[in-house]
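What follows is a single structure, written as structure tokens, with notes after it.
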Amino acid sequence: MNPVECLTNQFAEYLDLYRHSAPLDSGYKQYLQTVALRKGFSSSFHAISSDQFVQSMHETLRGFFRLGMRAAGLLPLELFIVELRKHAASIGSFDGTIVGTEMTQTHDDLWGLISTLRITVAKARVVSGSKALHLLLPDLVVPIDRRYTGAFLCRYSEEFEPGANEQKYVLVLEHRLKDRRDFAVGD
């Protein structure tokens, strides 16, 4: 068995070992708290309606995902709440959809949502949108960034810039993870 097969075939065991043996930094603890809090709501719409959840989500995007640390500029909490709640019905329409089981139209609808969700001052939406939607729709959206996701897709920062190819990268990533959705964080 080659190293990649070993890693992917035993990923759940490796993840479990990591969960039990790695020290957790405060950002990761915040992420796990937000994930646990989200699981307490029956839908993303109900989660977005909760001030406690939205504040936790905002802190996680800033602390764990590091949005706002550079040019991305995460919106202040009050504006973040307004923007998120403006899109609550659209976000809620994806509740119950799991990556790999969605219909083709879901891709276009999801991309439309990601490209219109303005939770940062940056023009590019794929990174901030995917990270925010991951916290709301963890079975459907994976968090995307230029450094790690770009490398995973064999695309690097100069190739992973805003534009028409972003949607292609998102869809490629979804399909690479399609058969590995059983290792969700926090289970």
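Screening residue 38 against (1) at positive phi; (2) part of a helix (DSSP H, G or I); (3) not β-branched (Val, Ile, Thr) leaves a single unmet condition, (1). If only residues of segment 124-139 that are more than 8 Å from the chain's Cα centre (by Cα) and among the charged types (D, E, K, R) are counted, the one that is nearest to residue 81 (Cα to Cα) is 125. Here segment 38-61 is the region considered, the condition is being crowded, with 18+ Cβ neighbours inside 10 Å and not aliphatic (A, V, I, L, M), and the residue that is nearest to the chain's Cα centre (by Cα) is 60. Is it fair to say residue 113 is touching a helix residue (DSSP H, G or I) at 6+ places or on another chain (Cβ under 6 Å) and in a loop (DSSP other than H, G, I, E, B)? No. Per this entry, residue 35 is counted among residues that are at pLDDT 90 or above and either surrounded by fewer than 13 Cβ atoms within 10 Å (Cβ to Cβ) or of a type in the set (A, V, I, L, M, F, W, C) (or both). Among residues of segment 100-120 that are at pLDDT below 75, those with a Cβ under 9 angstrom from a residue that is outside any helix (DSSP H, G or I), sequence gap 6+ or separate chain, pair up as 102/94; 102/140; 103/97.
Just so you know, in segment 82-99 the residues that are in contact with a helix residue (DSSP H, G or I) (Cβ under 7 Å, 6 or more places away or on another chain) and β-branched (Val, Ile, Thr) include one that is modelled with the highest pLDDT, and it is 91.
The values are calculated or read from the model by the stated rules, or taken from the named source; none is laboratory data. Just so it is clear, the structure is predicted and the values come from calculations on it, not from any experiment. Cβ sites come from the backbone with ideal geometry, for glycine too, and all protein chains shown count toward neighbours.
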